[in-house]
Amino acid sequence: MYLLVVTGLSGAGKSQALKRFEDMGYFCVDNLPCEMLMGFAQLCQNAVPPVDRAAVVIDSRESVFHFDICAKLSKLADNGVTVHILYLDARDEILERRFKETRRPHPLSGDVRKGIQAERELLAPLRDRANDIIDTSDLKPLELSREVERRMHLEDAPFTLDIMSFGYKRGVPFEADIVLDARFLPNPFYEPALRQLSGADAPVRDFVLGDPDAILFLEGVEHMLVRLIPRFKEQGKRRLMVAFGCTGGRHRSVCMAQALYDRMGANGAATIAHRDTAIEAGDVQKRLEGRE
């Protein structure tokens with residue numbers, strides 16, 4: 001197992017860096033007490049499938065537990081876990097300015113300057129042991145993300161297009177980046193022969209995609225994504241979720257999501273998930289049996 005420890009001074013960009021690793025497929029945990037590191041590593045190793053890449057943030061707030069962080073990390077290495085320490089630093093005046101801009105108190109002191117000095121002393125052993133140190137003083141958020149990718153050799157990480165179907169009656173998925181409404185298409189639910197099928201079945205696909213507007217809509221979405229994905233990559237984004245919605249999430253949205261997956265899968269890594277298909281099938285069956 002590979003465990004990345006993101007640490008460094010408060011205000012240096014640890015949360016921003018952690019978001020980038022999450023986009024890269026790491027299992028991420030923010031502010032994990034070091035006493036829990038061994039248990040966390042064991043959970044990852046025993047998971048099905050095992051978590052082979054994880055990233056955790058450890059910072060100066062750990063000091064309240066009075067544990068030896070370096071000793072805990074050494075114990076992990078002795079148990080077969082590859083530990084990599086990424087330390088984020090910045091000049092004192094930059095950190096002071098960032099705290100003033102966000103109006104947040106320093107975690108170690110009400111006086112920001114004293115807090116920064118105390119934090120430097122507390123984290124000195126981790127800085128000395130770090131595999132990589134990044135000075136974020138002059139880096140904007142996007143530049144920090146790119147520097148993290150460069151240092152950790154993540155520049156060539158694949159871009160993933162996640163495609164989902166859902167039903168509006170159960171709410172729009174919060175994780176979706178782009179939401180597309182398929183309710184303008186003819187509804188197979190009102191066709192008795194199609195009602196108990198789903199958008200994954202050929203008769204429903206033929207019914208939905210037989211509408212010329214469905215094909216125009218699909219081609220427009222594909223054209224849009226082909227144009228947008230390279231721009232998202234330029235902004236450091238490595239994952240994009242496109243969600244198709246219909247009333248229940250069983251027929252039209254499933255059909256359109258699958259059709260887009262069939263078109264876009266050849267252009268790179270893509271995944272597909274149907275959020276509401278199973279639960280909607282149960283609801284349809286209940287209605288047909290007259291129990292609702």
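We did not get these values from a lab; they are worked out from the coordinates using the rules stated. This structure is a prediction, so every number in the text was calculated from the model and none was measured. For neighbour counting, all protein chains shown are included, and Cβ atoms are generated from backbone atoms with ideal geometry for every residue, glycine included.
So which lysines can K72 reach, going by Cα to Cα under 27 Å and dropping same-chain residues fewer than 8 places off?
Once the sequence-local lysines are set aside, what remains near K72 is K14, K19.
Counting Lys and Arg as +1 and Asp and Glu as -1, each charge on the Cβ, what is the dipole of the stretch 160-288 about the Cα centre in debye, to the nearest 20?
Rounded to the nearest 20 debye, it is 360 debye.
What ranking, highest mean first, results for peptides 163-169, 27-33 when packing means the other Cβ atoms within 10 Å averaged over each residue?
Details: 163-169: 22.4, 27-33: 16.6.
Answer by packing, highest mean first, reads 163-169, 27-33.
Explain nothing, just the number: dipole magnitude of the chain about its Cα centre with +1 on each Lys and Arg Cβ and -1 on each Asp and Glu Cβ, in debye rounded to the nearest 20.
Value, rounded to 20: 440 debye.
Determine, for R205, R113, the number of other Cβ atoms within 10 Å of each Cβ, and report the residues in order from fewest to most.
R113, R205
Which of the three applies to the stretch 23-82, rounded, prolate or oblate, going by the alpha-carbon gyration tensor with a ≥ b ≥ c and a/c under 1.5 meaning rounded?
It is oblate, given that a/c is not under 1.5 and a/b is not larger than b/c.
For the stretch 160-288, taking Cα atoms only, what is the radius of gyration to one decimal and the Dmax to the nearest whole Å?
Using the Cα atoms of the stretch 160-288, the pair Rg, Dmax is 14.6, 50 Å.
Take T102, T247, T136, T277 and order them by how many other Cβ atoms sit within 10 Å, fewest up front. List each step's numbers first, then the result.
Working: T102 9, T247 16, T136 26, T277 20.
With the fewest neighbours first, T102, T247, T136, T277 line up as T102, T247, T277, T136.
Would you mind computing, in nm to one decimal, how far apart the modelled labels at A77 and R129 are, each placed 7 Å from Cα along Cα→Cβ?
Simple spin-label model gives 0.8 nm for this pair.
Please determine, in degrees from 0 to 90 and to the nearest 10, the orientation of helix 69-78 with respect to the longest principal axis defined by the Cα atoms of the chain, where the helix direction is its Cα long axis.
60
Starting from the alpha-carbon convex hull of the stretch 179-228, give the projected area averaged over all orientations, in nm².
Working: hull surface 15.6 nm².
Spelled out: convex hull of the Cα atoms, projected over all directions, averaged, 3.9 nm².
If you split all Cα-Cα distances of the stretch 35-159 into 5 Å bins from zero, what percentages do you get per bin, shortest first?
Going from the shortest bin to the longest, the percentages are 2, 9, 16, 19, 18, 17, 12, 6, 2, 0.
Rounded if a/c is under 1.5, else prolate if a/b is larger than b/c, else oblate: which is the stretch 109-219, with a ≥ b ≥ c the root eigenvalues of its Cα gyration tensor?
It is prolate, given that a/c is not under 1.5 and a/b is the larger ratio.
On a full-extension model of 0.36 nm per residue, what is the gain between S137 and K237, subtracting their alpha-carbon distance, rounded to one decimal in nm?
Between S137 and K237, full extension yields 33.8 nm more.
Can you give me the Kirkwood hydrodynamic radius for the chain, using every pair of distinct Cα atoms, in Å to one decimal?
22.2
Mean residue ellipticity at 222 nm from the helices of the chain, using -39,500 (n - 2.57) per DSSP H segment of n ≥ 4 over the full residue count, to the nearest 500 deg cm²/dmol? Let's see the in-between values first.
Working: 10 runs with 126 residues, N = 292.
Taking each H run of at least 4 residues, the total per residue is -13500 deg cm²/dmol.
If each residue's Cβ is checked for other Cβ atoms within 10 Å, how do L88, L228 rank with the fewest at the top?
L228, L88
Pick out, from A47, G80, Q16, the residue whose Cα sits farthest towards the positive end of the charge dipole of the stretch 9-100, with +1 on the Cβ of Lys and Arg and -1 on the Cβ of Asp and Glu.
Q16
Tally the DSSP beta bridges in the stretch 2-151 and give the antiparallel ones as a percent, rounded to 5.
Working: 1 of 20 bridges.
Here the share of antiparallel DSSP bridges comes out near 5 percent.
Place a +1 charge on the Cβ of each Lys and Arg in the stretch 63-198 and a -1 charge on the Cβ of each Asp and Glu, then give the dipole magnitude about the Cα centre in debye, rounded to the nearest 20. The partial results should precede the final answer.
Values: 21 positive and 24 negative charges, 115 e Å.
It works out to roughly 560 debye.
In whole Hz and in residue order, list the ³J(HN,Hα) couplings for the stretch 2-17 that follow from phi through the Karplus curve 6.51 cos²θ - 1.76 cosθ + 1.60, θ = phi - 60°; x for Gly and Pro.
Along the stretch 2-17, the couplings run 10, 10, 9, 9, 9, 9, x, 6, 4, x, 8, x, 4, 5, 4, 5 Hz.
Counting only DSSP beta bridges with both residues in the chain, tell me the antiparallel percent, nearest 5.
5
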